[in-house]
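Heads up: the structure comes next, in structure tokens.
The values are calculated or read from the model by the stated rules, or taken from the named source; none is laboratory data. Keep in mind it's a predicted model, so treat the numbers as computed, not measured. Every residue, glycine among them, receives a Cβ derived from its backbone with ideal geometry; neighbour counts consider all protein chains shown.
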Amino acid sequence: MYVEKPMVVFLDKLASRSPEPGGGSVSALVGALGAALVSMVGNLTLGKEKYADVQDKVDELLESSEKLREELQSLIQKDTEVYADVSAAFKLPRETEGEKAERASRIQEALKLATEVPFEIAEKCLEVARLSETSAVIGNVGAVSDAGVAVLLAEAAAQSAALNVKINVNSIEDRAFSQGKWSRIQEILEETAALRERVVQLTYEKLG
């Protein structure tokens, strides 16, 4: 898995001609970075006498942010795997009508699976953005800039994941599936944008 290797391995492969990892994996990585920053704010607040009245909330914040970080880290790898499935489906033989039908069916199935991963990334990045607001509100003011960076990363990752959803749903014949996914993505992007605006404003206000 990429997360278990030096970062330069991921970056070198990303910069190469290899089709994976790509934008989906990058969006998961950026989302995970945002979650890690939320955890950083939480850990810098935990045990501080000045923030004694919010310790229970900080515990909950950390539990949620670390769960999201772990999930997003796993999606970095998962995105490469579903892309490989799509690539394999397109390489299936199409000499006979039967082969053509099987290939078309496998492509559609693989595209749906390839849509689910960035869709899940976007959903989780929305959660990161929500947590970044919590961390900006209750967290150590000395780390509020990190909460601001977290929401910026969360929104960027959600937008990036949305692009990967879009490129797949455009080729999916099941319009109910495609429209349902894209409609939800629009809701996610609207909320992440609103969160980014609020949290960045709050961050600057606390920075003075």
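Results, tabulated for the structure shown:
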item: Residue selected from the range 45-64 under the condition under 30 Å from the mean Cα position of the chain (by Cα) and in a loop (DSSP other than H, G, I, E, B), by the criterion nearest to SER145 (Cα to Cα); result: LEU46
item: Selected residue [out of contact with any strand residue (DSSP E or B) (no Cβ under 7 Å at 6 or more places or on another chain) and either under 22 Å from VAL200 (Cβ atoms) or buried (at least 24 other Cβ atoms within 10 Å of the Cβ) (or both)] from ILE138, ILE167; result: ILE138
item: Residue in the range 14-28 that is hydrophobic (A, V, I, L, M, F, W, C), farther than 21 Å from CYS125 by Cβ and at pLDDT 95 or above present; result: yes
item: Among the residues listed as GLU133, GLU173, the single one being closer than 30 Å to LYS112 by Cα, acidic (Asp, Glu) and touching a residue at least 12 places away in the same chain (Cβ under 8 Å); result: GLU173
item: Residue satisfying all of: in the range 69-105; farther than 24 Å from ASP174 by Cβ and acidic (Asp, Glu); surrounded by the most Cβ atoms within 10 Å (Cβ to Cβ) among these; result: GLU71
item: Answer from ALA110, ALA36, ALA28 - the residue that is closer than 18 Å to SER171 by Cα, of a type in the set (A, V, I, L, M) and part of a helix (DSSP H, G or I); result: ALA110
item: Residue identified as closer than 17 Å to SER65 by Cα, among the β-branched types (Val, Ile, Thr) and over 20 Å from the mean Cα position of the chain (by Cα) among ILE138, ILE172, ILE107, ILE121; result: ILE138
item: The one condition in (1) surrounded by fewer than 20 Cβ atoms within 10 Å (Cβ to Cβ); (2) over 11 Å from LEU37 (Cβ atoms) that ALA157 fails to fulfil; result: (1)
item: Members of the range 23-44 that are touching a residue at least 24 places away in the same chain (Cβ under 8 Å) and more than 13 Å from the chain's Cα centre (by Cα); result: LEU37, VAL38, SER39, MET40, VAL41, GLY42, LEU44
item: Filtered residues of the range 1-22 (kept if β-branched (Val, Ile, Thr) and under 16 Å from the mean Cα position of the chain (by Cα)); result: VAL3
item: Residue within the range 107-117 that is more than 21 Å from LYS78 (Cβ to Cβ) and either in contact (Cβ under 8 Å) with a residue 24 or more places away in the chain or not polar (S, T, N, Q) (or both) present; result: no
item: Pick from the range 118-130, criterion out of contact with any Leu (no Cβ under 6 Å at 6 or more places or on another chain) and in contact (Cβ under 8 Å) with a residue 60 or more places away in the chain, ranking: nearest to LEU62 (Cα to Cα); result: ARG130
